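Visitor: Quick one: the structure is below, questions incoming.
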2 protein chains.
Amino acid sequence: MTDRPKIAVSPTSRPAMFDAMVDAVVAGGGQIVPVDEASALIWADPAAADAFPAVVAHAPALEWVQLPYAGIENFANQLDPALQWTCGKGVYADPVAEHVIALTLAGFRHLHTASRATSWPAQQGKNLLGAHVTVIGGGGITESLVRLLKPWNAKITVVRRSNTAFPGASRTVTKDRLHDALPGADVVVLAAAVTNETRQMVDRDFLAAMDDDAWLVNVGRGALVVTTDLLAALQTETIGGAALDVTDPEPLPDGHPLWDEPDCIITPHVANTPEMGLPLIAERVRQNVERWIAGDDLLGPVDVHAGY
Amino acid sequence: MTDRPKIAVSPTSRPAMFDAMVDAVVAGGGQIVPVDEASALIWADPAAADAFPAVVAHAPALEWVQLPYAGIENFANQLDPALQWTCGKGVYADPVAEHVIALTLAGFRHLHTASRATSWPAQQGKNLLGAHVTVIGGGGITESLVRLLKPWNAKITVVRRSNTAFPGASRTVTKDRLHDALPGADVVVLAAAVTNETRQMVDRDFLAAMDDDAWLVNVGRGALVVTTDLLAALQTETIGGAALDVTDPEPLPDGHPLWDEPDCIITPHVANTPEMGLPLIAERVRQNVERWIAGDDLLGPVDVHAGY
């Protein structure tokens, strides 16, 4: 047995997260120390990236930093390549995939219409069972979605950069053939990171290639979508509807015309809430502390040069 | 090979169903004949029970009647015990189980609130992943629900008459111990038939035994619930919410106070719509015609004395 490694947890600004991270470090076999003695730092507040430089300035022995985020845009210009960086990548995939299913079913089953009704509504609805699902992005969310929908007999098409078949998908399509994957889909799910290639990919042409009863579900980032083009597609009813957990701009301001669209469901970036995510990131930290002690590769490594 | 059996399809009042049933009979190996020559009758309109006696009066050779319903209340006083009766029992279970999941996720994820919002809402939500699900009823809907939720790691408690463990459930509770199954459940699903034992089972005591953030989901029958007691529980916020695909009275009249409850979602008996159900009942009919020819037991037998 090696000595228990010296690990700091900071900041203390979110007590519930701080406590959970401390417990996770101890459960993984680490010893809690102040940051100036620590070889590893578990960052315990996703909203406090600004406080990061001052903390790290007093950490001469630091080798590894664990960030709580899955998307780490706020830390992008702090990624010192002399250190090893890990993040919450993949950890939050299950709740986000669950939200994709919740939003898709709400759209297919017209629950948004039912929620506003004050009179027995018209009977309508279609099934996710056996439906054609196209997912843009071949990451952790898509893995979870494929796994959760396994008994549902859905036909899942995954659009990804690589042409390696996505495990469990009915079909894998490379990004340059994106428009082959849109016609015939009952729902198109955006689960990609924002890069120069994907930014504003959902534009007028993309939306025109979708079936007129297909739903668009966005759990990626608002910037994947050209909002004005989406609004036009909803207003002219060339798609079935849109369910957005992320928007551009975000938060969507009061008075924005998307609020008035009858087939638009907007949730406030809650696919993974802090309450859902805390036990999941705590388990990731516990595992990474164990791996750090054992000298194994850490889970969720950040590519410092790619910035994610 | 025996001769192709003589089977009538009637009435013609719903052309889409009539056509699908004729195709199913032929696909199963039957021959379509007028009802006065038929040994079997496929009833092709769930809404036309009143027309049934006049048709059967001219069917001297009749041995078997296939009804399209899962619940066959409308035919209850026409069940001549000299005939063999089958119905759509179990056929519609998958879409209904899907609707249970849609309603539960909508409640847990506050999609009803989001659907009414015109401003960025508060962040809230909980997961069905890993949740405690209690289902009242151990029939086909429950089988489908257990199957569809298998990868979701939910803890499913089934309340049923028999004390035989329900396959795939975490726990099976007999009906006399119902109140053991209510505390701790994140959602309580009503998927039972209405009988003298189950009518109005969801009363003040039942609702008081539920957790104050638990949702009630009813896809069984409206009469399982004492509506005034449910309304009181919603008004006093002693449960998390209610999602009802069936109501008492049904349809729920305009001006009924349930329409105004913020945590109540009402869908108009669409867990299985005619469009969802038609291919499913057609496949059942095809299989039963094959079985009739082979002399095998038919699927979905009606217990004439029990009335379901």
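The values are calculated or read from the model by the stated rules, or taken from the named source; none is laboratory data. For clarity, every value in this text was computed on a predicted model and none was experimentally measured. Note that we place each Cβ from the backbone using ideal geometry, even for glycine, and neighbour counts take in every protein chain shown. What goes into the accessible areas is simple: the full protein's heavy atoms, side chains included, and nothing from ligands, DNA or RNA. Shrake-Rupley method; radii C 1.70, N 1.55, O 1.52, S 1.80 Å.
Visitor: How crowded by other chains is A:140-150, given as the mean number of beta carbons from other chains within 10 Å of each beta carbon? It would help to have the intermediate numbers written out before the result.
Guide: On the way: counts 0, 0, 0, 0, 2, 0, 1, 2, 8, 2, 3.
That average works out to 2.
Visitor: Also: Along Cα-to-Cβ, 7 Å out, sits the label point; list in nm, shortest first, how far the one on residue B:47 is from those in the other copies.
Guide: Output for residue B:47: 5.3 nm, nearest copy listed first.
Visitor: Which value at 222 nm does the protein assembly as shown reach when only helices count, each DSSP H run of 4 or more adding -39,500 (n - 2.57), with the total divided by all residues and rounded to the nearest 500 deg cm²/dmol?
Guide: Values: 16 runs with 172 residues, N = 616.
Rounded to the nearest 500, the figure is -8500 deg cm²/dmol.
Visitor: How large, in Å, is the protein assembly as shown by the Kirkwood hydrodynamic radius built from its alpha-carbon pairs? Let's see the in-between values first.
Guide: Working: mean 1/r = 0.0373 Å⁻¹.
Mean inverse Cα-Cα distance, inverted, gives 26.8 Å.
Visitor: Starting from the Cα-Cα distance between residue A:80 and residue A:199, subtract it from 0.36 nm times their residue separation and give me the gain in nm to one decimal. It would help to have the intermediate numbers written out before the result.
Guide: Details: separation 119, 0.36 × 119 = 42.84 nm, distance 2.61 nm.
Working it through step by step, the gained length comes to 40.2 nm.
Visitor: Shortest first and in nm to one decimal, what separations exist between residue B:171 and its copies in the other chains, measuring from label points 7 Å along the Cα-to-beta-carbon line?
Guide: Reported distances to equivalent positions: 4.5 nm.
Visitor: Another one. How many Å² of accessible area per residue for chain A, probe 1.4 Å?
Guide: Values: 12980 Å² over 308 residues.
With the other protein chains kept in place, chain A gives 42 Å² per residue.
Visitor: Taking the full set of protein chains and a 1.4 angstrom probe, give the accessible area of residue B:141 in square angstrom, rounded to the nearest 10.
Guide: Counting only protein heavy atoms, the figure is 40 Å².
Visitor: Please average, across the residues of B:97-109, the number of beta carbons from any other chain that are within 10 Å of each residue's own beta carbon, and give a whole number. Let's see the in-between values first.
Guide: Details: counts 1, 8, 5, 0, 6, 13, 5, 2, 9, 10, 2, 2, 12.
Per residue, the number of nearby Cβ atoms from other chains is 6 on average.
Visitor: Next question. Return the long-range amide H neighbours of residue A:265 (sequence gap of 5 or more, or a different chain), with a cut-off of under 5 Å between placed amide H atoms.
Guide: A:242, A:243, A:244
Visitor: May I pose another question? Give me a comma-separated list of calculated 3J(HN,Hα) values for the stretch A:200-213, in order, Karplus coefficients 6.51, -1.76, 1.60 applied at θ = phi - 60°, integers in Hz, x for any Gly or Pro.
Guide: With coefficients 6.51, -1.76 and 1.60, one gets 6, 5, 7, 10, 4, 5, 4, 5, 5, 7, 7, 5, 6, 10 Hz.
Visitor: So, with +1 on the Cβ of K and R and -1 on the Cβ of D and E, and no other charges, what is the size of the charge dipole of the stretch B:93-266 about its Cα centre, to the nearest 20 debye? Present the calculation step by step, with values, prior to reporting the outcome.
Guide: Numbers: 14 positive and 21 negative charges, 147 e Å.
With Lys and Arg at +1 and Asp and Glu at -1, about 700 debye.
Visitor: Also: Take every DSSP beta bridge with both residues inside chain A and express the antiparallel ones as a percent of the total, to the nearest 5.
Guide: Values: 1 of 38 bridges.
Bridges in chain A are about 5 percent antiparallel.
Visitor: Measure out, as a whole number of angstrom, how far apart the alpha-carbon centroids of the stretch A:168-198 and the stretch A:10-61 sit.
Guide: Cα centroid of the stretch A:168-198 versus Cα centroid of the stretch A:10-61: 38 Å apart.
Visitor: A further question follows. Averaged over peptide B:269-282, how many Cβ atoms belonging to another chain are found within 10 Å of each residue's Cβ? Write down the numbers at each step before the final one.
Guide: Details: counts 2, 8, 2, 2, 6, 1, 5, 4, 0, 0, 1, 0, 0, 0.
Partner Cβ neighbours, averaged per residue: 2.
Visitor: If A:132, A:305 are ordered by their accessible area, calculated over protein heavy atoms with a 1.4 Å probe, which sequence runs from highest to lowest?
Guide: I get A:305, A:132, largest accessible area first.
Visitor: Apply the Karplus parameterisation 6.51 cos²θ - 1.76 cosθ + 1.60, with θ equal to phi minus 60°, to every residue of the stretch A:264-269 and state each ³J(HN,Hα) to the nearest whole Hz, in sequence, with x for glycine and proline.
Guide: 10, 10, 10, 10, x, 6
Visitor: For the protein assembly as shown, give me the percentage of DSSP beta bridges that are antiparallel, rounded to the nearest 5 percent. Write out the running numbers ahead of the final one.
Guide: Numbers: 2 of 76 bridges.
Rounded to the nearest five, the antiparallel share is 5 percent.
Visitor: Still on this structure: If one takes the accessible area of chain A alone plus chain B alone and subtracts that of the pair, with a 1.4 Å probe, what total in Å², rounded to the nearest 100, results? Walk me through the numbers on the way to the answer.
Guide: Values: alone 15100 and 15090 Å², together 25950 Å².
Roughly 4200 Å² of accessible surface disappears when A and B pair.
Visitor: For the stretch B:111-122, just list the computed ³J(HN,Hα) in residue order, Karplus coefficients 6.51, -1.76 and 1.60, θ = phi - 60°, integers in Hz, with x standing in for Gly and Pro.
Guide: 5, 5, 5, 4, 5, 9, 6, 10, 7, 3, x, 5
Visitor: Report, to the nearest whole %, how much of the accessible area of the protein assembly as shown belongs to carbon and sulfur atoms, 1.4 Å probe, protein only. Before the final figure, lay out the partial values.
Guide: Details: 13030 of 25950 Å².
After summing per-atom areas, the C and S share lands at 50 percent.
Visitor: What net charge do the residues around residue A:244 carry, taking every other residue with its C-beta under 13 Å from that of residue A:244, with Lys and Arg at +1 and Asp and Glu at -1? Don't jump to the answer; show the numbers that get you there.
Guide: On the way: positive: A:221; negative: A:245, A:248, A:250, A:261, A:263.
Taking every Cβ under 13 Å from that of residue A:244, the sum is -4.
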